[in-house]
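Since the structure comes first, as structure tokens, the remarks are kept for the end.
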Amino acid sequence: MNSWPIFSDPQASSLCGSILESVEKERLSYTIFPPQDDIFNAFKLCHYENLKVVILGQDPYHTPGCAHGLAFSVPSGTPIPPSLRNIFKELYDDLGVVRLHSNLSDWARQGILLLNTTLSVRAHQAHSHKDLGWEKWVELLIESLNEYPTPILYILWGNHAQRFKSLINHHHHEILMSAHPSPLSSHRGFFGSKPFSHIHTFCKKNNYPLIDWSNHQ
């Protein structure tokens, strides 16, 4: 997967192979999202050498036509889900950027890994693949990124993402935590948390190219 070391690590590769076997068995009996070719889109679009920011989601959207391998993102032309709508509201309140398009592939191409901690799901059954081993694989990924040569900013929205905090080398990398952008929790600390300003400051401090949050698709 371009040059992500996690895909050549023996332990992680063995675990991933086992998970994918389970996912393919699931496809025989259930509709599974995202499509097979999209499961690792986060890694295809965000190149390892370009990594600046990791935003952790939970599992893919479980409604048809929504999941395409990027946390919080949905394909172009798809109605904007509530959590993403709140992310765009905070983007506007924080930086004054109006974002209308729901496909976040352009963010990924600029070095933002939009990573769900479970990479597949049954249709209409949230969290149905949480026990397949994906979270352990993501733990191995985070541990491998502790050796990344330059600082990474981790954005941990909500309790689920914050469970992974202890794995991150906070002496080398940075962590920003707030409530989840879901309508159930966005008013408990997500709104007003200014994550996009924080990313802007982080990029300037580390001499990284600034993220263009607007849409050029």
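In table form, for the structure just shown:
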read-out	value
Simple spin-label estimate for E139 and I80 in nanometres, 7 Å along Cα-Cβ	3.6
Whether region 66-217 is rounded, prolate or oblate, judged on the alpha carbon gyration tensor where a/c under 1.5 counts as rounded	rounded
C-alpha center-to-center spacing [region 92-145, region 1-42] in angstrom	14
Over the chain, relative contact order from alpha-carbon pairs under 8 Å, at least 6 apart, %	24
Carbon plus sulfur fraction of accessible area for the chain, probe 1.4 Å, in percent	53
Sorted largest first, extent of region 148-216 alpha carbons per principal axis (Å)	36, 34, 19
Top positive-direction residue, dipole computed over the chain with Cβ charges, set F202, L100, S120	L100
Net charge of neighbours whose Cβ lies under 14 Å from the Cβ of P151, counting Lys and Arg as +1 and Asp and Glu as -1	+1
Amide proton proximity set for V54, modelled H, under 5 Å, gap of 5+	L113, L153, Y154, I155
Note, ³J(HN,Hα) from phi for region 66-75, Karplus 6.51, -1.76, 1.60, rounded to Hz, x at Gly and Pro	9, 7, 9, x, 10, 4, 6, 8, 9, x
Summed residue charge, Cβ within 10 Å of L167's Cβ, Lys/Arg positive, Asp/Glu negative	0
Net charge dipole size for region 161-217 [Lys, Arg +1 and Asp, Glu -1 on Cβ; Debye, nearest 20]	180
Integer Hz, Karplus 6.51/-1.76/1.60 couplings in order for region 143-158, x for Gly and Pro	5, 5, 6, 4, 9, 4, x, 10, x, 10, 9, 9, 9, 10, 9, x
Choice from P79, P60, P151 showing the highest fluctuation, given a GNM over the chain with Cα pairs closer than 10 Å	P79
Cα lying deepest toward the dipole's positive end in the chain, options P60, S29, L132, charges on Cβ	P60
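The values are calculated or read from the model by the stated rules, or taken from the named source; none is laboratory data. Just so we're clear, the structure is a prediction, and the values are computed from it rather than from any experiment. Reconstructed Cβ throughout: ideal geometry from the backbone, glycine too, with neighbour counts over all protein chains shown. Calculation scope for accessible area: heavy atoms of the full protein, side chains included, ligands and nucleic acids excluded. Shrake-Rupley method; radii C 1.70, N 1.55, O 1.52, S 1.80 Å.
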